[in-house]
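Trainee: One structure, pasted below without further comment.
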Amino acid sequence: MIRFTTPDLTALDSSIIGVIAEGGGALDAPGVTKLRPGDALPERPGNVILDHALAQCDAIVKARALARLVQLRRAGATIIMISHDEALLESCADEIWWIRGTQLIARGDAADVLPRYRRHVAEALRAAGENESARLAPTMRKGDGRAELETVELLGEQGAPATVWRSGEAVSIRVTVRFANAVDDPVVGIMIRNRIGLNVYGTNTELEHLRLGPVNAGDKLRITYRFRCDLCPGEYTVTAASHDPDGVWHDWMEDAVAVSVTDTRYTAGVANLKALVESDVLRYGPSPSGS
């Protein structure tokens, strides 16, 4: 066994313990070899702590290292793997410890501890973006100057600024336009794109049957788009524009602001459809009892 003094924990023999050390948490076990990135795995069985030792390894090296760790475990070694690579921990750990500073937050099977940790991370990220206004930083801007996009605001479900949205949350995008010239029939639109530039969702006031004009020089319009954020976790941008119905731009801001989407679990793709999954057993051969 490995006995730790900070925190007061004991790791069983012949096991791989995955450790998520949050906020600079550390494990102290005197007399146990600690390996860091770049250190070679031991040739002989023995207790060892891997302090993010595989963090810089490519997929092939990591796979070989995992195979070696499994061999060491079978030979009686106890291996403590400190890592933030959740997929790595899920693939090999017999038990997960979640440590914050010197405090044990959770301990148990990966299927129980990792979802709790992911919920904590999602909530922390959402809280970090609360009351934070999005910074205008378009990658491209063009137009004839008859109108100017003054602000593109990202709002959370409480109506406060938020640069991080929770998947499924009721959110808003608010665009404020100031007109330098009279415009008979302005159209204001938005486009959400993912990190590789794929158009995720776009609409404008014309498509939504909201007529804005005519407007006079000096007028301002504030358009608010409200929707549920059914997006998968990831990084997105919002493009905004004011233009004529025939597409002549007054002001176009490509990737005007950035927004992050977080969730309590991983989902692939862009649209978070939140599927309800069920199964049916269909038997075409003999029943298990042979009857």
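The values are calculated or read from the model by the stated rules, or taken from the named source; none is laboratory data. Keep in mind that what you see is a predicted model, and the values were worked out from it rather than measured. Cβ sites come from the backbone with ideal geometry, for glycine too, and all protein chains shown count toward neighbours.
Trainee: So, of the residues in region 92-110 that are modelled with pLDDT under 90 and not in a strand (DSSP E or B), which turns out to be nearest to the chain's Cα centre (by Cα)?
Mentor: Among them, the one singled out is 101.
Quick grid of which residues meet (1) outside any helix (DSSP H, G or I); (2) farther than 30 Å from residue 256 by Cβ; (3) at pLDDT below 90:
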{"site": "41", "(1), (2), (3)": "yes, yes, yes"}
{"site": "66", "(1), (2), (3)": "no, yes, no"}
{"site": "71", "(1), (2), (3)": "no, yes, no"}
{"site": "87", "(1), (2), (3)": "no, yes, yes"}
{"site": "133", "(1), (2), (3)": "yes, no, no"}
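Trainee: Go through region 135-166 and give me each residue that's of a type in the set (D, E, K, R) and part of a strand (DSSP E or B). Walk me through it before giving the result.
Mentor: Taking region 135-166 and keeping what is of a type in the set (D, E, K, R), we get 135, 141-142, 144, 146, 148, 150, 153, 157, 166.
Residues satisfying the conditions are 141, 142, 148, 150, 153, 166.
Trainee: Quick test for you: out of 91, 133, pick the one residue that is of a type in the set (S, T, N, Q) and farther than 30 Å from residue 169 by Cβ.
Mentor: Only one candidate qualifies: 91.
Trainee: Pairs only if they're at least six apart or on different chains, beta carbon under 8 angstrom, first in region 29-49 and over 19 Å from residue 8 (Cβ atoms), second part of a strand (DSSP E or B) and of a type in the set (Ser, Thr, Tyr); list them, first residue then second.
Mentor: Correct list of pairs: 42/33; 46/33; 48/33.
Okay, residues lined up against (1) touching a Pro at 6+ places or on another chain (Cβ under 9 Å); (2) outside the structural domain of residue 150 (by TED's automatic domain parsing); (3) farther than 19 Å from residue 129 by Cα; (4) at pLDDT below 95:
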| residue | (1), (2), (3), (4) |
| --- | --- |
| 176 | no, no, yes, no |
| 186 | yes, no, yes, no |
| 202 | no, no, yes, no |
| 211 | no, no, yes, no |
| 225 | no, no, yes, no |
| 228 | no, no, no, no |
| 241 | no, no, yes, no |
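Trainee: Going through region 198-225 one residue at a time, which ones are hydrophobic (A, V, I, L, M, F, W, C) and outside any strand (DSSP E or B)? So that I can check it myself, show each step before the final result.
Mentor: Here is the first cut: in region 198-225, the ones hydrophobic (A, V, I, L, M, F, W, C) are 198, 200, 207, 210, 212, 215, 217, 221, 223.
Correct list: 198, 207, 210, 212, 217.
Trainee: Being surrounded by fewer than 16 Cβ atoms within 10 Å (Cβ to Cβ), out of contact with any Gly (no Cβ under 8 Å at 6 or more places or on another chain) and in the same structural domain as residue 32 (by TED's automatic domain parsing): is that true of residue 124 here?
Mentor: Judged against the criteria, residue 124 is not a match.
Trainee: Restricting to region 274-291, count the residues that are modelled with pLDDT of 75 or more and either surrounded by 10 or more Cβ atoms within 10 Å (Cβ to Cβ) or among the hydroxyl-bearing types (Ser, Thr, Tyr) (or both).
Mentor: 2
Trainee: Report yes if some residue within region 178-193 is within 30 Å of residue 112 (Cα to Cα), touching a residue at least 12 places away in the same chain (Cβ under 8 Å) and either not in a strand (DSSP E or B) or not polar (S, T, N, Q) (or both); otherwise report no. Steps first, answer last, please.
Mentor: At the first step, the residues of region 178-193 found to be within 30 Å of residue 112 (Cα to Cα) are none.
Looking through region 178-193, none of the residues is within 30 Å of residue 112 (Cα to Cα), touching a residue at least 12 places away in the same chain (Cβ under 8 Å) and either not in a strand (DSSP E or B) or not polar (S, T, N, Q) (or both).
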